[in-house]
Amino acid sequence: MQLKDKVAFITGSASGIGKEIAIVFAKQGAKIVIADLNKEAADATAAELKATGAQAIGVAVDVTSEDQVNAAVEEGVAAFGGIDILVSNAGIQIVHPVEEFSFADWKKMLAIHLDGAFLTTKACLKHMYAQGRGGSVIYMGSVHSKEASMLKAPYVTAKHGLIGLCKTVAKEGAKHGVRANVICPGFVRTPLVEKQIPEQAKTLGITEEEVVKNVMLKETVDGEFTTTDDVAQVALMFAGFPTNALTGQSLVVSHGWFMQ
Ligand code: NAD
């Protein structure tokens, strides 16, 4: 029970990677706030966790809204008495070549990935600092925090930006025992990626099988997708690490697609 009685606020945790992190953290004794745009799915995920004996609530939040983020964090604090772990994970993908990217879609991407990370961090740090028992902030970056791919300008820009935010939070949070780290997964077969396969096939004029083999997994050491559990185990390591020795770092989990 590495996270016994810790409270974890996880954005975008009604689906995919965030949901798996919620499941793994709950098994380790954490109380989970499932914070997602999709309230119905958040409630369903919380119910799944509760059925296993865990403590969990679903809260509605659009991470691009300061008021909604503040309200969601307060709801979590009211339910469980504080916040020990933030996983800033909510995200979407929109793919176009730069010359065709609408400014509105560019701003939407930066708002979800960067404004969302900033707003949730700000709201949770307030509680972590006041509680005086440290904390762990985990950002869901990507291989695209380190490397670019065609068609993904705002995603690559935002995911690189998270590393800057993480390093700053690591420096500012240290005296409060608050650590910040970034996880950088390769392709994980979640709804976010399932949606991209036909889109990229159309844009690049190749088959869906070719997108998987020759675009998504081309640079991996074994042609394998990273799994949600792979990512969740790394999140657990960051969440449970007991000292400031491990802070300000970004760890790539990608079957060797990107090697540092
Ligand atoms: P997903 O689509 O399965 O889940 C994303 C969740 O975020 C959904 O439940 C959705 O409702 C929620 N969400 C979207 N916009 C939101 C908003 N404005 N406010 C609150 N919640 C919102 O996607 P996933 O693949 O699990 O992605 C999770 C994170 O992992 C994202 O940040 C993504 O960029 C990152 N990531 C994914 C992969 C991958 O291959 N799947 C790889 C690297 C990084």
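Regarding Pro242, is this residue surrounded by fewer than 17 Cβ atoms within 10 Å (Cβ to Cβ) and away from the ligand (no atom under 16 Å from the Cβ)? Please lay out each step first, then the result.
Numbers: surrounded by fewer than 17 Cβ atoms within 10 Å (Cβ to Cβ): yes; away from the ligand (no atom under 16 Å from the Cβ): yes.
When the stated conditions are applied, Pro242 passes them.
Picking from Gly248, Gly186, which residue would you name as being under 29 Å from Leu86 (Cβ atoms), more than 16 Å from the ligand (Cβ to nearest atom) and crowded, with 18+ Cβ neighbours inside 10 Å? Explain how you work it out, then say what you get.
Values: Gly186 fails: more than 16 Å from the ligand (Cβ to nearest atom).
Every option except Gly248 fails the conditions.
Any chance you could count how many residues in region 142-170 are of a type in the set (S, T, N, Q) and more than 14 Å from the chain's Cα centre (by Cα)? It would help to see each step written out before you state the result.
Restricting attention to region 142-170, the residues satisfying the condition of being of a type in the set (S, T, N, Q) are 142, 145, 149, 157, 168.
From what is left, the residues that are more than 14 Å from the chain's Cα centre (by Cα) are 149, 157, 168.
Adding up the residues that qualify gives 3.
Here is a yes/no grid of residues against (1) farther than 28 Å from Gly29 by Cα; (2) within 14 Å of the chain's Cα centre (by Cα):
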position	(1), (2)
Glu210	yes, no
Ala232	no, yes
Leu236	no, yes
Thr247	no, no
Phe258	yes, no
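Checking the structure you have, find out if any residue of region 140-152 is crowded, with 18+ Cβ neighbours inside 10 Å, touching a helix residue (DSSP H, G or I) at 6+ places or on another chain (Cβ under 9 Å) and within 17 Å of Leu86 (Cβ to Cβ).
To start, the set of residues in region 140-152 that are crowded, with 18+ Cβ neighbours inside 10 Å comprises 140-146, 151-152.
Retained after the next criterion (residues that are touching a helix residue (DSSP H, G or I) at 6+ places or on another chain (Cβ under 9 Å)): 140-146, 151-152.
Next, from what is left, pick out any that are within 17 Å of Leu86 (Cβ to Cβ): 140-141.
Yes, because at least one residue in region 140-152 is crowded, with 18+ Cβ neighbours inside 10 Å, touching a helix residue (DSSP H, G or I) at 6+ places or on another chain (Cβ under 9 Å) and within 17 Å of Leu86 (Cβ to Cβ).
Does Leu162 satisfy being at pLDDT below 95 and within 11 Å of the ligand (Cβ to nearest atom)?
On the way: at pLDDT below 95: no; within 11 Å of the ligand (Cβ to nearest atom): yes.
It is false that Leu162 is at pLDDT below 95 and within 11 Å of the ligand (Cβ to nearest atom).
For region 5-92, which helices (runs of 4 or more DSSP H) that fit wholly inside it have 1 or more residues that are within 24 Å of Gly186 (Cα to Cα), within 12 Å of the ligand (Cβ to nearest atom) and touching a residue at least 24 places away in the same chain (Cβ under 8 Å)? Working first, answer last.
Working: elements: 16-27, 39-51, 66-80.
Correct list: 16-27.
Test Ser136 against the stated conditions and say whether it is within 19 Å of Leu236 (Cα to Cα), within 11 Å of the ligand (Cβ to nearest atom) and either modelled with pLDDT of 95 or more or of a type in the set (Gly, Ala, Ser) (or both). Walk me through how you get there before you give the answer.
Working: within 19 Å of Leu236 (Cα to Cα): yes; within 11 Å of the ligand (Cβ to nearest atom): no; either modelled with pLDDT of 95 or more or of a type in the set (Gly, Ala, Ser) (or both): yes.
Answer is no for this residue.
Enumerate the pairs (first residue in region 103-117 and closer than 16 Å to Leu192 by Cα and more than 9 Å from the ligand (Cβ to nearest atom); second residue anywhere and at pLDDT 95 or above and small (Gly, Ala, Ser)) with beta-carbon separation below 8 Å, excluding pairs fewer than 6 apart on the same chain, so at least 6 apart or on different chains.
Met109/Ala158
Within region 207-235, how many residues are over 30 Å from Ala180 (Cα atoms) and part of a helix (DSSP H, G or I)?
8
Looking only at region 189-206, which residues are crowded, with 17+ Cβ neighbours inside 10 Å and among the small types (Gly, Ala, Ser)?
Correct list: Ala201 only.
Tell me whether region 44-59 contains one or more residues that are of a type in the set (Lys, Arg), closer than 23 Å to Tyr129 by Cβ, over 15 Å from the mean Cα position of the chain (by Cα) and modelled with pLDDT of 95 or more. Break it down into steps so the answer makes sense when it comes.
Narrowing region 44-59 to residues of a type in the set (Lys, Arg): 50.
Of the ones still in play, those that are also closer than 23 Å to Tyr129 by Cβ are none.
No: zero hits.
Answer yes if at least one residue in region 171-189 is within 16 Å of the chain's Cα centre (by Cα) and part of a helix (DSSP H, G or I), and no otherwise.
Scanning region 171-189, I find no residue that is within 16 Å of the chain's Cα centre (by Cα) and part of a helix (DSSP H, G or I), so the answer is no.
The values are calculated or read from the model by the stated rules, or taken from the named source; none is laboratory data. Because the structure is a prediction, the values reported are computed rather than measured. Ideal geometry is used to build each Cβ from the backbone, glycine not excepted, and the neighbour counts take in all protein chains shown.
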